[in-house]
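This report concerns only the one structure given below.
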Amino acid sequence: MKVKICGIKSQEAAKFAVEHGADAIGFVFAKSKRQIPVMDAKEIINELPASVWKVGVFVNEDAETIVQTAKTAGLTHIQLHGEEQMEAYENIDLPIIRSVSVSPGEELTRVKKLKANFVLLDSPPEKFHGGNGMSFNWNLAEGIGAFQQNVILAGGLNGDNVQAAISKIQPFMVDVSSGVETDGQKDLSKIKDFINKAKGIEEE
């Protein structure tokens, strides 16, 4: 099981997450309580291993700005987390993660048709797109990862529920932000616990 720790803002949290098995680190460039300046992200990324995904999270940003940000910061993947039309981003020469809000009545068959390298299933947006700490009804996407190998699961995950979520959805990767925080800051013990729980699912 792959793990992405998102909303990283400090060198300490990024290094700790990677040392304990994180496969991807997410940096939020959209308006958010976890928004990070491009040069701050660059400093953190410069210290990360080449094998780790460096994911930039954008909401309704134009492709040109995304490309420039990716080059400056050293991103390896782009996450589109708004209402973007994929056609406008076809010239971005990096793998694209497309978020999909899952809610009752959602037709998940459209997930198969998305022209994206990876599909991130998340709860519907509230004040911000993503990172709200709310999970969606996993029954709505039960077993989707068994026949679609590019599914990333997000939305309200934490160390207490991640194993149940993995069993239900069978994703390629799980993505957490608020679920590894205490008082709005990344909590190293929660990061370690989450990664251990997520990766331990295969040992049972």
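Coordinate-derived values only; no laboratory data. On a predicted model such as this, the values are computed, not experimentally measured, just so you know. For neighbour counting, all protein chains shown are included, and Cβ atoms are generated from backbone atoms with ideal geometry for every residue, glycine included.
Quick notes
- For region 173-186, Karplus couplings with θ = phi - 60° (6.51, -1.76, 1.60), whole Hz, Gly/Pro x: 8, 10, 10, 10, 9, 5, x, 10, 10, 10, 6, x, 10, 4
- Low-density loop positions, GluC sites (Glu not before Pro), region 1-96 - DSSP coil, at most 16 other Cβ in 10 Å: Glu47, Glu83, Glu90
- Region 26-175 - Rg and Dmax from Cα coordinates, angstrom: 15.1, 43
- Placing unit charges on the Cβ atoms only, positive for Lys and Arg and negative for Asp and Glu, gives the chain a dipole magnitude near 80 debye about its Cα centre.
- Distant-in-sequence amide H partners of Glu84 (H built 1.01 Å from N, under 5 Å): Asn60
- Residue exposure proxy: Thr182, Thr76, ordered by other Cβ atoms within 10 angstrom of their Cβ from fewest to most, comes out as Thr182, Thr76.
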